[in-house]
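Here is the structure we will look at, set down as structure tokens.
Rule-based calculations on the coordinates, nothing more; no lab input. Keep in mind that what you see is a predicted model, and the values were worked out from it rather than measured. Ideal geometry is used to build each Cβ from the backbone, glycine not excepted, and the neighbour counts take in all protein chains shown.
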Amino acid sequence: MKAQCEVCGSPLRAAPNRVEIDGAIMVVCATCARLGKPVGPAITPKARPASYQSAFKAASAPRIDPEYDVDPDYHLMIRQAREKAGLSQEQLGMMLNVKPSVIKMVESKKLKPDIALARKLMHQLKINLLVSMSELEGGASPSM
């Protein structure tokens, strides 16, 4: 498979150029290279696919944070913080780039937020939704 320009899609006949276009570093043909600012030396077409594949695998691998989980009372904490901030569910959804129905389901405890959504909510509402697994295990056991 022959390498292609990431802007126009034409096959790369000569050495590809690395340029920065609107903050993104792209591998482009000589014609499209004038659209951006040169970044580093040109790369060989054979090195390109392997580096992109490894970068894609690293980026697509889910980050697992086994030491923390979402607080069992997340739904109450989110609703109270949202109301205190004077936001509707629709406004909060727009701020977090999620559908308002997701916010509704989270607040009604029909959907438990994953770690990524919990972190977005924590940042926007300035609350702490993550608790360590040791606290959950310690708090879950009955004490008499």
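Some points to look at:
- Complete set of residues in the range 91-136 that are among the polar types (S, T, N, Q), more than 17 Å from residue 69 (Cα to Cα) and in a helix (DSSP H, G or I): 91, 101, 124
- Residues within the range 23-41 that are more than 10 Å from residue 5 (Cα to Cα) and among the hydrophobic types (A, V, I, L, M, F, W, C), tallied: 4
- A search for C-beta distances below 6 Å between a residue of the range 82-109 that is over 17 Å from residue 127 (Cβ atoms) and any residue that is assigned to a loop (DSSP other than H, G, I, E, B), counting only pairs 6+ apart in sequence or on different chains, returns 105/111.
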